[in-house]
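Have a look at the structure below, then the notes.
The values are calculated or read from the model by the stated rules, or taken from the named source; none is laboratory data. Predicted, not measured: the structure shown is a model, and the values here were computed from it. So basically every Cβ, Gly included, is an ideal-geometry build from the backbone, and we count neighbours across all protein chains shown.
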Amino acid sequence: MATVELRFSALPEHVRTARLVAAAVARRAGVDEAVLDEVRLAVGEACSRAVGLHQSAGITAPVKVQLVEEEKQFSIEVGDEAPRSSPGGGASGSAGEDVETEEDEMGLAVISGLVDDVEVTAGEHGGQIRMTWPTTPTTAVIS
């Protein structure tokens, strides 16, 4: 099992770097070329979501991305440290919180549309999105 871990400051300008790294590692792991755009888009959406959660909660800790190559599958885990009492945010609901909740739900819907195997967890110490794709064994071409 090979793992690459990326941590970056919760700034939007670093999301592009995370997308590029994820696509490169996914390609190397054997994710089908036809799916790489979906990997890039899903990672971009998950990282943008984490950056937004950190910024709105005033969290200075980095966003964490783990890229894990296992037998027959490749997974990406994007973690944040933004506390949430319950999925969906709760019932208090100021207008600003409602907009953030709608944006969060929209981001999760986009990710779910791009990735067949998605797991979302959230709690008082942060959350994580785990996305998994099948891989095909890469064969070396010797000329």
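Some points to look at:
- For the criterion of being assigned to a helix (DSSP H, G or I), out of contact with any Gly (no Cβ under 7 Å at 6 or more places or on another chain) and among the acidic types (Asp, Glu), residue 38 passes.
- Residue satisfying all of: in the stretch 2-22; in contact (Cβ under 8 Å) with a residue 60 or more places away in the chain and surrounded by fewer than 18 Cβ atoms within 10 Å (Cβ to Cβ); farthest from residue 78 (Cα to Cα) among these: 2
- Looking only at residues of the stretch 40-89 that are without any contact (Cβ under 8 Å) to a residue 40 or more places away in the chain and of a type in the set (A, V, I, L, M, F, W, C), we find that the one that is surrounded by the fewest Cβ atoms within 10 Å (Cβ to Cβ) is 57.
- Residue ID - nearest to residue 45 (Cα to Cα), chosen from residues in the stretch 69-107 that are at pLDDT below 90 and of a type in the set (A, V, I, L, M): 106
- Just so you know, in the stretch 23-34 the residues that are assigned to a helix (DSSP H, G or I) and touching a Phe, Trp or Tyr at 6+ places or on another chain (Cβ under 6 Å) include one that is surrounded by the fewest Cβ atoms within 10 Å (Cβ to Cβ), and it is 29.
- Index of the failed condition, residue 37 passing every other in (1) under 18 Å from residue 19 (Cα atoms); (2) of a type outside the set (S, T, N, Q); (3) in contact (Cβ under 8 Å) with a residue 40 or more places away in the chain: (3)
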